[in-house]
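The values are calculated or read from the model by the stated rules, or taken from the named source; none is laboratory data. Given the structure is predicted, the values throughout are model-derived calculations rather than measurements. Heads up, the Cβs are rebuilt from the backbone with ideal geometry, glycines too, and the neighbour counts pull from every protein chain shown. When the accessible area is computed, the model is the full protein with side chains, heavy atoms only, and any ligands, DNA or RNA have been set aside. Shrake-Rupley method; radii C 1.70, N 1.55, O 1.52, S 1.80 Å.
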Protein chains: 2
Amino acid sequence: MTQEATARAHPNIAFIKYWGNQDEQLRIPVNSSLSMNLEGLYTETMVNWDHRLTQDSLIINSVEQSGDALKRVQTHLSALRNHIDGIEGHAKVISYNNFPMGVGIASSASSFAALTLAAVSASGQQLSESTLSSLARLGSGSASRSIPTGFVEWHKGVSHETSYAESIATPDFWDLVDVIAVVSNTHKKVGSTEGHQSANTSDLQLARIANAEKRLQDCKEALLHKDFHSFATVVEEDSNLMHSIMMTSRPPLFYWQPTSIELMHLIPEWRHEGLDVCYTLDAGPNVHCICNRIHAEEVSRRVRNISGVLDVKSAGAGRGAYLL
Amino acid sequence: MTQEATARAHPNIAFIKYWGNQDEQLRIPVNSSLSMNLEGLYTETMVNWDHRLTQDSLIINSVEQSGDALKRVQTHLSALRNHIDGIEGHAKVISYNNFPMGVGIASSASSFAALTLAAVSASGQQLSESTLSSLARLGSGSASRSIPTGFVEWHKGVSHETSYAESIATPDFWDLVDVIAVVSNTHKKVGSTEGHQSANTSDLQLARIANAEKRLQDCKEALLHKDFHSFATVVEEDSNLMHSIMMTSRPPLFYWQPTSIELMHLIPEWRHEGLDVCYTLDAGPNVHCICNRIHAEEVSRRVRNISGVLDVKSAGAGRGAYLL
């Protein structure tokens, strides 16, 4: 039985968003969601289970962690120990992100997907993809979507076992690119975990949830038919709905910055000019310009010309989490 | 019987917004609303009924009107002729706005309030304030709120007669100032009339309406107790709710511009620093900074320092429509 394993996972961008939980502890969401893994960006994580250790330790990008980051990983490792027979002792975790942290590309999805796969494998267990997805979800909801390959649907479910993600199409199915406009963010952000907990304070959340399944089906159908226009309409609407909930929560959460709004005005105009591009924003000010690869270079060029854009990253559809 | 009368009315800023109608034709709204008339800004309108005329004519700021502006006034004059015995013939209407049009300070409220009062008075009729308010509503929903004085509640009602506004406090009751940040707007706007008709296409509109009455009561209570903190919370929330509806309508309506968002981030911070100020936005990018008069100068100074702000106008609470 090997005691050590290393796994790699990509972050993902949601086309139909996850916002709010049925069960905060288990991170069982109020609605199903749909996403694409982001090729090129990844977290690589080595887990070493060692009976001699008296506690879990964590190194990220060569820096020993303490405080909240360590605590969240320890909590997740404890959850894995509780859920899986045969995982015992404590672990040394060494993790590396190939994309800069703190620029607003969420790393929790790729981090907890890689951590889960590495921790389970290092213990010698072989679990199904859906079980791995459920387990990753315990660390970060969206991590469940970084386990399967390509385009992924996370079934909200009604319990730990029934809330998991599965692939609906491989990465090569549709040649989409996420051109990420990294936008100045001088304002303190509220983390996603805290944000999810505030979702129910918005008078609008139940109305958003009510039609989430329909939007997901519309989005899935558009994706499977490669119908960019229908896809763009529902992706932008779903992003606007999530931010409407955020901005009407108590207290309100405003993730949009001036440059975010500027891009949200421009992108639909670019689409009317003939570019296959639409926008979506996560819990941050960065604008994800989802486009057809044939238009990705032009979109990237235009985005770079916006004065408030600090950096642009591009990522195609990526595979699921895998062992190295 | 005098054939001619001249009336003056102020625009108003809504603290609890009007968005969407029960009856589009009669402009009976889906929810009641609350506003303050804006002193200093006004529309002055002279109406001359003349049996010899074969059609209504309209001059605004010395320019003879045709097209949509004329048609809307003709439609309103026809409505007045239908609703009131003793109004006959056609009218010559000469109107003047003392604030620039096209900078995004809505002139339809003051215009239709002044037009209604002048047209009715010129015909020799003396009508109650509530009847005048109902009649003004037929021309522009928010015009109903520019008839009574000071702080005004528009009861949504269930019919033409029951949908009217009345004053809940005189202008001197609370020394509030609307510091209006006029913001660059390079994007074509969708007019309010068209916007109201799209409100029901948002999945969120019913949820917004459901608690509108509670917000109105909270706002009214805060206003009558001069409780700025409670007032600010509900005013900002109600503005965000209305814009959530707009942005999730099909097609979406985005009135916010980058500078709007910048101010929406700053104003709550200024409040936390001790300034009595909150924001509200109508169907446009301008940010109305509602503040206590003792802080109006400081707010105005700070707003002028924002690079995207083109102009700043200030207005205290104004009286209702009156004859000259």
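Any chance you could count how many residues in region A:267-295 are at the interface with another protein chain (Cβ under 10 Å from one of its Cβ atoms) and at pLDDT 95 or above?
Number of matching residues: 2.
Given the criteria assigned to a loop (DSSP other than H, G, I, E, B), within 12 Å of another protein chain (Cβ to nearest Cβ) and either touching a residue at least 40 places away in the same chain (Cβ under 8 Å) or hydroxyl-bearing (Ser, Thr, Tyr) (or both), does B:Tyr255 qualify?
yes
Give the number of residues within region A:234-250 that are within 7 Å of chain B (Cβ to nearest Cβ), under 16 Å from A:Ala14 (Cβ atoms) and of a type in the set (A, V, I, L, M, F, W, C).
1
Among (1) among the polar types (S, T, N, Q); (2) in contact with a His (Cβ under 6 Å, 6 or more places away or on another chain); (3) in a loop (DSSP other than H, G, I, E, B), which single condition is A:Ser110 missing?
(3)
Determine which single condition B:Ala283 fails, assuming it passes every other condition in (1) of a type in the set (A, V, I, L, M); (2) open to solvent by less than 20 Å² (accessible area, probe 1.4 Å); (3) within 17 Å of B:Ile13 (Cβ to Cβ).
Of everything listed in (1) of a type in the set (A, V, I, L, M); (2) open to solvent by less than 20 Å² (accessible area, probe 1.4 Å); (3) within 17 Å of B:Ile13 (Cβ to Cβ), B:Ala283 misses just condition (2).
Could you grab me the full set of residues in region A:219-233 that are within 12 Å of another protein chain (Cβ to nearest Cβ) and of a type outside the set (Gly, Ala, Ser)?
A:Thr233
Here are some residues: A:Glu298, A:Glu262. Which one is part of a helix (DSSP H, G or I), of a type in the set (Asp, Glu) and more than 9 Å from chain B (Cβ to nearest Cβ)?
Testing whether each residue is part of a helix (DSSP H, G or I), of a type in the set (Asp, Glu) and more than 9 Å from chain B (Cβ to nearest Cβ) leaves just A:Glu298.
What strands (runs of 3 or more DSSP E), lying completely within region B:128-209, carry at least 1 residues that are within 14 Å of chain A (Cβ to nearest Cβ) and in contact (Cβ under 8 Å) with a residue 60 or more places away in the chain?
So the answer is B:176-183.
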